[in-house]
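Q: Have a look at the structure that comes next, please.
Every number in this text was worked out from the coordinates using simple rules, so none of it is lab data. Keep in mind that this is a model prediction, so the values were computed, not measured. All Cβ positions, glycine included, derive from the backbone under ideal geometry; neighbour counts span all protein chains shown.
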Amino acid sequence: MKNFLSIRDCSVQELEELLALSIELKKLYKSGGRDLCLSGKTLVMLFEKASLRTRMSFNVAMTDLGGSPIYVKPDDIGGIGKREPAKDIARVLSRYVHGIMARTFEHETLTSLADFADVPIINALSDYCHPCQAMADILTITEHCGDLKGLKIAYIGDGNNVARSLAFVCARFAMKFAIAAPEGYQLDDETIQTANDIAAGTVDQTSDPAHVVKDADVVYTDTWTSMGQEDEKQQRIAVFKDYQINSELMAKAPGNAKVMHCLPAYRGFEITDEVAESPNSIIFDQAENRLHFQRALLKKLLSD
Ligand code: CP
Ligand code: NVA
């Protein structure tokens with residue numbers, strides 16, 4: 001495993017190893033232990049978009065492992081592909097650092113970095129997918145629900161990058177992914193086909209939120225307007241108004257169904273404050289697990 005670009009590209013063995021390592025390192029760090037396996041190593045973190053969780057958790061994870069993170073905001077290097085092409089950035093940075101993490105608009109920017117870099121490339125979110133989020137989510141679900149096999153995530157809202165990675169991760173871990181999204185904003189056929197080719201019957205897509213939550217172990221949502229879609233915000237608010245996780249919808253789910261959201265959450269839109277703050281909500285455990293998963297990922301990709 002050289003890069004971490006999409007769950008689609010990872011084998012179940014690789015993902016299981018990463019999950020096991022996340023659990024092991026979480027335990028170690030919670031008990032005050034340290035693993036300085038990345039001492040002397042540097043990770044550059046290129047961002048084309050805003051971030052709280054991803055930026056901070058990668059920064060802390062890298063430092064925790066004895067390494068050094070370097071944060072680069074878009075303007076610092078004149079923009080990936082603007083001042084110079086991704087393929088040149090990849091080859092220059094490969095001479096300085098041991099790993100490159102990037103949050104991009106186009107997924108092709110990441111694949112281009114990966115094609116030309118000698119060091120690992122990590123996807124910190126692209127318009128296409130958000131694999132670090134999905135693996136942190138799986139870690140959170142196993143902590144709260146136990147054995148992953150057969151568990152069902154009901155996803156309400158936009159068929160976006162977060163939804164796509166969840167579809168792939170569910171396929172890899174023999175889980176079910178039922179998505180309710182309005183027409184025109186659903187997951188594309190290729191994603192569904194890929195997930196269902198990995199494990200038949202993984203993805204079920206409909207436009208009816210009540211249908212998907214009724215036997216869900218987890219009810220999940222994300223923003224209706226992703227970064228880069230700000231111009232469509234008003235139109236999206238109108239289209240998605242019936243795709244909110246609120247107490248009325250949660251009343252149709254099993255009483256112990258967990259509520260998840262990758263954050264940032266726009267309360268009053270895709271989720272109500274009441275549900276986000278309810279005892280079923282595990283959104284902050286989920287946010288914490290970004291750190292624990294990424295420590296494992298960095299150790300696996302960057303240590304000798
Ligand atoms: N969930 C997530 O990736 O959050 P940030 O955009 O704050 O990194
Ligand atoms: N779908 C959202 C996720 C943010 C973490 C976005 O791309 O903006």
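Q: Residue by residue through region 113-119, which ³J(HN,Hα) values in whole Hz follow from phi under the Karplus form 6.51 cos²θ - 1.76 cosθ + 1.60 (θ = phi - 60°), with glycine and proline marked x?
A: Working through the residues one at a time gives 4, 5, 5, 10, 7, 8, 10 Hz.
Q: Tell me, what ³J(HN,Hα) does each residue in region 234-250 have, in order and in whole Hz, if you take phi through Karplus 6.51 cos²θ - 1.76 cosθ + 1.60 with θ = phi - 60° and put x for Gly and Pro?
A: Ordered by residue, 3J(HN,Hα) equals 5, 5, 5, 4, 5, 5, 8, 4, 8, 10, 9, 8, 9, 5, 5, 5, 5 Hz.
Q: On to the next question. Using amide H atoms built 1.01 Å from N in the peptide plane, name the residues 5+ places from Lys258, or on other chains, whose amide H lies under 5 Å from its own.
A: Val218, Val219
Q: Here is a further query. Would region 179-282 count as rounded, prolate or oblate if I go by the C-alpha gyration tensor, calling it rounded below 1.5 in a/c and otherwise prolate when a/b exceeds b/c, oblate otherwise?
A: oblate
Q: Treating only the Cα positions of region 53-141 as identical point scatterers, give the base-10 log of I(q)/I(0) from the Debye formula at each q in 0.10, 0.20 Å⁻¹.
A: Log10 I(q)/I(0), no solvent term: -0.26, -1.03.
Q: Taking neighbour Cβ counts within 10 Å as the exposure measure, how do Leu263, Leu93 sort from fewest upward?
A: Leu263, Leu93
Q: For Gln205, list long-range residues whose amide hydrogen, built 1.01 Å from N in the peptide plane, is under 5 Å from its own amide hydrogen.
A: Counting only residues 5 or more places away or on other chains, the set is Ile179.
Q: Which of Leu21, Leu36, Leu110 moves most in a GNM of the chain, Cα contacts under 10 Å?
A: Among Leu21, Leu36, Leu110, the largest GNM mean-square fluctuation belongs to Leu36.
Q: Sticking with this one: Please work out whether the chain counts as rounded, prolate or oblate from its C-alpha gyration tensor, where a ≥ b ≥ c are the square roots of the eigenvalues and a/c under 1.5 means rounded, while otherwise a/b larger than b/c means prolate and anything else oblate?
A: Prolate, because a/c is 1.5 or more and a/b exceeds b/c.
Q: Give me Leu302, Leu125 ranked fewest to most by other Cβ atoms within 10 Å of their Cβ, as a rough exposure proxy.
A: The most exposed by this proxy come first: Leu302, Leu125.
Q: Also: Pick from Asp217, Asp118, Asp75 the residue whose mean-square fluctuation is largest in a GNM of the chain, springs joining Cα atoms under 10 Å.
A: Comparing Asp217, Asp118, Asp75 in the GNM, the peak value goes to Asp75.
Q: Just to verify a number: FRET efficiency for Arg34 and Ser207, C-beta to C-beta distance, R0 = 35 Å, to 0.05?
A: That pair, Arg34 with Ser207, gives E of 0.10.
Q: Quick one: 3J(HN,Hα) in Hz for region 4-11, Karplus 6.51/-1.76/1.60 with θ = phi - 60°, rounded, Gly and Pro as x.
A: Running phi through 6.51 cos²θ - 1.76 cosθ + 1.60 with θ = phi - 60° gives 10, 10, 7, 4, 3, 7, 9, 7 Hz.
Q: Okay, moving on. Restricting to DSSP loop positions (anything but H, G, I, E, B) with no more than 15 other Cβ atoms inside 10 Å of their own Cβ, which chymotrypsin sites (Phe, Trp or Tyr not before Pro) remain in region 65-131?
A: Tyr96
Q: Amide H of Lys176 versus every other amide H placed in the peptide plane: which residues, excluding those fewer than 5 positions away on the same chain, fall under 5 Å?
A: Gly150, Leu151, Lys152, Ile153
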